[in-house]
Amino acid sequence: MIEQEFDAIVVGAGMSGNAAAYTMASQGLTVLQLERGEYPGSKNVQGAIMYADMLEQIIPDFRDDAPLERHLVEQRFWVMDDTSHTGMQYRSDDFNEAKPNRYTIIRAQFDKWFSRKVRQAGATVLCETTVTELVRSASGKVIGVRTDRAGGPIYADVVVLAEGVNGLLGTRAGLRKMPKPESVALAVKEMHFLPDEVIEQRFGLQGDEGCVIEAAGTISRSMAGLAFLYTNKESISLGIGCLVSDFAQTMESPYVLLDNFKNHPSIRPLIAGSEVKEYSAHLIPEGGYKAIPQLFGDGWVAVGDAAQLNNAIHREGSNLAMTSGRIAGEAIIEIKGRNQPMIRRNLALYKTMLDKSFVVKDLMKYKDMPALIHTNSLNFFMTYPQLMSQAAQNFMRVDGTPKIEKEKATTAAFIRARSRWGLISDVVRLALAWR
Amino acid sequence: MTMAVTKLRVEEKLYQNRYLVDPGRPHIKVRPHERPSANLLALTHICPAKCYELNDKGQVETTSDGCMECGTCRVLCEASGEIVWNYPRGGFGVLFKFG
């Protein structure tokens, strides 16, 4: 039984919850963080790439002891058909810097580290505790939570909902709607272990350098989806995700897609001989700006994946989570400093601050992309990848056909597949949505 | 035959994972029904842990022991009332070693 009343209760110990709890506890607020997993990270799944800038703003010297896998020096974007990939690749020695910009991480390890920092900052962290219900006052203000542990409710001035994409509390309490099937992707992932020198040889890496591959195309079987392969120190994280609405329509099995991706001739040699140690699944918010729910109310704020804050185009999520958690924490500190109550009108400060940050600005930029990709998945994920592969092969294969005829054949294939008007309209719509 | 191969494959995958099963307290339940909706039927294919299966009466049943708590079924079938989804009790359920 917890008798104490806290300044804040944080529900969830993922990126956003840890950022919020750390920010508030390090400024002297009394913080209780509740996590349903056995340890922080045990319910969390991510690719995972961690963006240094957003963590530096919370824990500037994180590089001293955070469990980081590899810093990224190379990124490959692949458009795949069944036997090939057409790629763009960027690699730069500039990424070998004193304070690298992006790292691969393993979430269970990283989250344990982040949670230790939260504890050191003074927060009370309680694991193996599922929050079952929000407690409200007669006027409807959220004043605490009930858990599945013995004892009564636990009270706080404000509850930070960092409960993740599949958060039950906020939706059950009517604070936000359940994500729509077309606004979330289901991703499955495996951890493939290999000796570090094998990974370094296969990807041309030295020391802690890392490489990531992001791939789209026929591997998602006409669904809107993306596959990925990230190099960790002694393992490779690889997976594939597609919109839940597309899965429901096609009835494709995610583990079959994953195995097809692993067996693709461009991927198979990269993971050959590996030992698989885990298979995981998770939802990813994909709805962008238009899917952001109400972010604050009387006695509560929502952060991270629970608030659908994910940039699907740039594959950024954990940095939006960390930043929204930090900003929510800072807003709460500010309101408390003014001795004001944690009511809707005051907690609007969180949204005002978030709107000014890259989080909402980036999501706003791509606000039309999710709908475009969702409604045109056959073209973007099946037709164009096939056309690109044919065009590239046609360009490279030397078979005595005059070049002028090869070019004509490629142009004709694009027009046959999408029509002249279709091609122009696809380019224009994509450009408008990207702008 | 294809079904059997697929099933074997996902069970092999789940075998790598660590779970703490809460005996007698499944966290997902399927409401009794005559005929499953399209979404409920889809779960027999798209649940990443293959927790949903058709019985010989054409109804969908669930065994949530291998569940990875992703929430796909919740997004598709909770609003219609066809399934009831709760978190496992604190500490139970899937325990990702790496995540």
Condition test on A:Ala150, is it away from every other protein chain (no Cβ under 14 Å) and either over 30 Å from A:His192 (Cβ atoms) or in a helix (DSSP H, G or I) (or both)? no
Among the residues of region A:160-181, is any part of a loop (DSSP other than H, G, I, E, B), under 28 Å from A:Pro100 (Cα atoms) and within 14 Å of chain B (Cβ to nearest Cβ)? yes
Total residues in region A:6-31, condition more than 14 Å from chain B (Cβ to nearest Cβ) and either buried (at least 20 other Cβ atoms within 10 Å of the Cβ) or modelled with pLDDT under 95 (or both): 15
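For (1) outside the structural domain of A:Tyr22 (by TED's automatic domain parsing); (2) crowded, with 21+ Cβ neighbours inside 10 Å; (3) more than 27 Å from the chain's Cα centre (by Cα), each residue gets a yes or a no:
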site: A:Trp78; (1), (2), (3): yes, yes, no
site: A:Asp94; (1), (2), (3): yes, no, no
site: A:Ala123; (1), (2), (3): no, yes, no
site: A:Val160; (1), (2), (3): no, yes, no
Given the condition part of a strand (DSSP E or B) and either farther than 24 Å from B:Phe92 by Cβ or among the small types (Gly, Ala, Ser) (or both), answer yes or no: does some residue in region A:117-136 qualify? yes
When the residues of region A:269-295 are narrowed to those that are out of contact with any helix residue (DSSP H, G or I) (no Cβ under 8 Å at 6 or more places or on another chain) and small (Gly, Ala, Ser), which ends up surrounded by the most Cβ atoms within 10 Å (Cβ to Cβ)? A:Ser280
Give me the helices (runs of 4 or more DSSP H) completely within region A:328-435, filtered to those with at least 2 residues that are over 24 Å from the mean Cα position of the chain (by Cα), outside the structural domain of A:Thr23 (by TED's automatic domain parsing) and more than 25 Å from A:Asp53 (Cα to Cα), ordered by residue number. A:384-396, A:403-418, A:420-434
Kindly provide the set of residues from region A:102-116 that are more than 17 Å from A:Asp64 (Cβ to Cβ) and in a strand (DSSP E or B), ordered by number. A:Arg102, A:Thr104
Just checking, which of A:Leu372, A:Leu363, A:Leu347 is buried (at least 17 other Cβ atoms within 10 Å of the Cβ), more than 22 Å from A:Gly317 (Cα to Cα) and of a type in the set (A, V, I, L, M)? A:Leu347
With (1) crowded, with 19+ Cβ neighbours inside 10 Å; (2) touching a strand residue (DSSP E or B) at 6+ places or on another chain (Cβ under 9 Å); (3) more than 14 Å from every other protein chain (Cβ to nearest Cβ) as the list, and A:Lys117 as the residue in question, which single condition is left unmet? (2)
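The values are calculated or read from the model by the stated rules, or taken from the named source; none is laboratory data. Fair warning: this is a prediction, and the values are worked out from it, not measured in the lab. Using ideal geometry, Cβ is built from the backbone for each residue, glycine included, and neighbour counts are taken over all protein chains shown.
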